[in-house]
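This report refers to the structure that appears directly beneath it.
Nothing in this text is a laboratory measurement; each read-out follows from the coordinates by a stated rule. Everything numeric in this text was worked out from a predicted model, so none of it was measured. Glycine also receives a Cβ, built like all others from the backbone with ideal geometry; neighbour counts cover every protein chain displayed.
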Amino acid sequence: MTDCIFCRIIAGEIPSAKVYEDEEILGFRDINPAAPVHVLFIPKKHFANLGEAAPADQALLGRMLQVIGREAPKLGLSEGYRVVSNCGEPAGQTVNHFHLHVLGGRELQWPPG
Ligand code: AMP
């Protein structure tokens, strides 16, 4: 999707601060961090959000969570972190390419705003 900013990051057309990459998943630092550590993990396959994921994406979604669990300590998040996905505009989704926010490095409040 040429009009998708995250697809353009995957394609290397827009620079990003990568922290993780494999054949299916990319992790890079959020350009507007909401915490000292704020990384986005995205599938290289484009779908807008969880509601748009296909049955065939089940393993990919599971792998994304496992990758985050493995990578979080390497990002300095051994003490704890939050994984969030904003699905749809009312929830705050601004980029329509599925992504998981990984946030940490400070005390996080609950409930979120
Ligand atoms: P959301 O609002 O949940 O859709 O999250 C989209 C996130 O993408 C926001 O936190 C933005 O700061 C981040 N973002 C947008 N453009 C870029 C970019 N070029 N590089 C890194 N992060 C970005």
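Residue 34 passes every criterion in (1) without any contact (Cβ under 8 Å) to a residue 60 or more places away in the chain; (2) surrounded by fewer than 17 Cβ atoms within 10 Å (Cβ to Cβ) apart from (1). Taken over segment 1-15, the criterion of being within 17 Å of residue 64 (Cβ to Cβ) and in contact with a Lys or Arg (Cβ under 8 Å, 6 or more places away or on another chain) is satisfied by 10 alone.
Yes or no, residue by residue, for (1) within 18 Å of residue 5 (Cβ to Cβ); (2) in contact (Cβ under 8 Å) with a residue 60 or more places away in the chain:
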{"site": "40", "(1), (2)": "yes, yes"}
{"site": "71", "(1), (2)": "no, no"}
{"site": "84", "(1), (2)": "no, no"}
{"site": "104", "(1), (2)": "no, yes"}
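Since residue 45 meets every condition but one in (1) touching a helix residue (DSSP H, G or I) at 6+ places or on another chain (Cβ under 8 Å); (2) exposed (fewer than 15 other Cβ atoms within 10 Å of the Cβ); (3) basic (Lys, Arg), which condition does it not meet? Checking residue 45 against (1) touching a helix residue (DSSP H, G or I) at 6+ places or on another chain (Cβ under 8 Å); (2) exposed (fewer than 15 other Cβ atoms within 10 Å of the Cβ); (3) basic (Lys, Arg), the one that fails is (2).
What do you reckon, is residue 13 in contact (Cβ under 8 Å) with a residue 12 or more places away in the chain and acidic (Asp, Glu)? Break it down into steps so the answer makes sense when it comes.
Values: in contact (Cβ under 8 Å) with a residue 12 or more places away in the chain: no; acidic (Asp, Glu): yes.
For residue 13, the condition - in contact (Cβ under 8 Å) with a residue 12 or more places away in the chain and acidic (Asp, Glu) - is not met.
A quick yes/no check of all residues on (1) more than 12 Å from the chain's Cα centre (by Cα); (2) basic (Lys, Arg); (3) surrounded by 10 or more Cβ atoms within 10 Å (Cβ to Cβ):
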| position | (1), (2), (3) |
| --- | --- |
| 49 | no, no, yes |
| 63 | yes, yes, yes |
| 68 | no, no, yes |
| 76 | yes, no, yes |
| 80 | yes, no, yes |
| 90 | yes, no, no |
| 94 | yes, no, no |
| 104 | yes, no, yes |
| 107 | yes, no, no |
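Scanning segment 5-47 for residues that are in a loop (DSSP other than H, G, I, E, B), more than 11 Å from the ligand (Cβ to nearest atom) and in contact with a His (Cβ under 8 Å, 6 or more places away or on another chain) yields 46, 47.
Can you confirm whether residue 15 is over 23 Å from residue 104 (Cβ atoms) and either in contact with a Pro (Cβ under 6 Å, 6 or more places away or on another chain) or not acidic (Asp, Glu) (or both)? Yes: the conditions hold for residue 15. If you go through segment 48-73 and keep only what is part of a loop (DSSP other than H, G, I, E, B) and touching a Cys at 6+ places or on another chain (Cβ under 9 Å), you end up with 48, 49.
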